[in-house]
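Report on one structure; see the data block that follows.
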Amino acid sequence: MTRPSKKTPTTWTSPISSSNPLSSLSGAIDTLAERLQSVRAGIADAVRLAGRDPGEITTVVVTKFHPASLIRELAALGVTDVGESRHQEAQGKAAELADLNLTWHFIGQIQGKKARQVRAYADVIHSLDRASLVGALEAVDADAPVRDCFIQVNLTDDPARGGALPGDVDTLAEQVLGTPGLCLLGLMAVAPREGEPRRAFAAVRDLSVRMQAVAPAATQLSIGMSQDYAAAVAEGATHLRIGTAITGIRPLHG
């Protein structure tokens, strides 16, 4: 992967920053279209500051807990990639919205017993994190679709956060490469709650470069969310997983 050239740090204000008068999800930016446009503008700014090609970035709008009707609105606004993290919810929405020809990204943890069901509707799986899950996602017949996937890396000491240990990534990548029906795109990670997101994303990029000795084509990075996508773009993100900044506050749920 080509590393973006180092540039003199430039101040960047997120469209969801509290210092931005357009940031309120219930104030000045109070419609879905306005929030989407604001985030698109913020990503465009981040891409420009990083000296990157806008075509390298896929924005996945995370719609967890939101109704299928909101996804229809997003599709009407030009959104093609949506992300879900709860299997039962994602399965129902994918079935209900099959007419929209969306790309469905599954970004949550996957129980092994549910893996084949997730595989049935998820075009891209971002949370592959263990050898047993790789086996569970293997294509069962020659006609099964190939599913793109990312190996999720845990950047914390908390196993509950999900993700493979950095030291296990190469071995897991080799297993994915040898598994029918899976195409390894690269690495996925969530920045730790504490610390500098860009430092964490730089570590993921370095790990990606190392993994490419095993999987040369796996150059993509699924990093960056609503609060830290500018830092992710600066460190080579190809997939941004943006939820609240676009969809607004999640509805109450049980």
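Is it the case that the stretch 214-229 has a residue that's over 30 Å from Gly78 (Cα atoms) and in contact (Cβ under 8 Å) with a residue 24 or more places away in the chain? Within the stretch 214-229 (the criterion being over 30 Å from Gly78 (Cα atoms) and in contact (Cβ under 8 Å) with a residue 24 or more places away in the chain), the answer is yes, since at least one residue qualifies.
Within the stretch 205-246, if we keep just the residues that are open to solvent by 10 Å² or more (accessible area, probe 1.4 Å) and in a helix (DSSP H, G or I), the residue that is nearest to His105 (Cα to Cα) turns out to be Thr244.
Go through the residues of the stretch 68-83 one by one and say whether even a single one is open to solvent by 30 Å² or more (accessible area, probe 1.4 Å), closer than 22 Å to Gln109 by Cα and at pLDDT 95 or above. No, because not a single residue in the stretch 68-83 is open to solvent by 30 Å² or more (accessible area, probe 1.4 Å), closer than 22 Å to Gln109 by Cα and at pLDDT 95 or above. Check whether at least one residue in the stretch 42-50 is modelled with pLDDT of 95 or more and either surrounded by fewer than 16 Cβ atoms within 10 Å (Cβ to Cβ) or among the aromatic types (Phe, Trp, Tyr) (or both), and report yes or no. Looking through the stretch 42-50, at least one residue is modelled with pLDDT of 95 or more and either surrounded by fewer than 16 Cβ atoms within 10 Å (Cβ to Cβ) or among the aromatic types (Phe, Trp, Tyr) (or both).
If you go through the stretch 58-66 one residue at a time, do you hit one that is over 14 Å from the mean Cα position of the chain (by Cα) and not charged (D, E, K, R)? Within the stretch 58-66 (the criterion being over 14 Å from the mean Cα position of the chain (by Cα) and not charged (D, E, K, R)), the answer is yes, since at least one residue qualifies.
When the stretch 148-169 is examined, which residues are found to be open to solvent by less than 40 Å² (accessible area, probe 1.4 Å) and more than 15 Å from the chain's Cα centre (by Cα)?
Of the residues in the stretch 148-169, the ones open to solvent by less than 40 Å² (accessible area, probe 1.4 Å) are 149-154, 156, 162-164, 169.
Residues satisfying the conditions are Thr156, Ala164, Val169.
Is there a residue being closer than 30 Å to Arg35 by Cβ and more than 19 Å from the chain's Cα centre (by Cα) anywhere in the stretch 175-194? Within the stretch 175-194, one or more residues are closer than 30 Å to Arg35 by Cβ and more than 19 Å from the chain's Cα centre (by Cα).
Among the residues making up the stretch 102-122, a single one is open to solvent by 40 Å² or more (accessible area, probe 1.4 Å) and closer than 11 Å to Val82 by Cα: Thr103.
The values are calculated or read from the model by the stated rules, or taken from the named source; none is laboratory data. Values in this document were obtained by computation on a predicted structure and should not be read as measured data. Reconstructed Cβ throughout: ideal geometry from the backbone, glycine too, with neighbour counts over all protein chains shown. These accessible areas exclude ligands, DNA and RNA; they are computed on the full protein's heavy atoms, side chains included. Shrake-Rupley method; radii C 1.70, N 1.55, O 1.52, S 1.80 Å.
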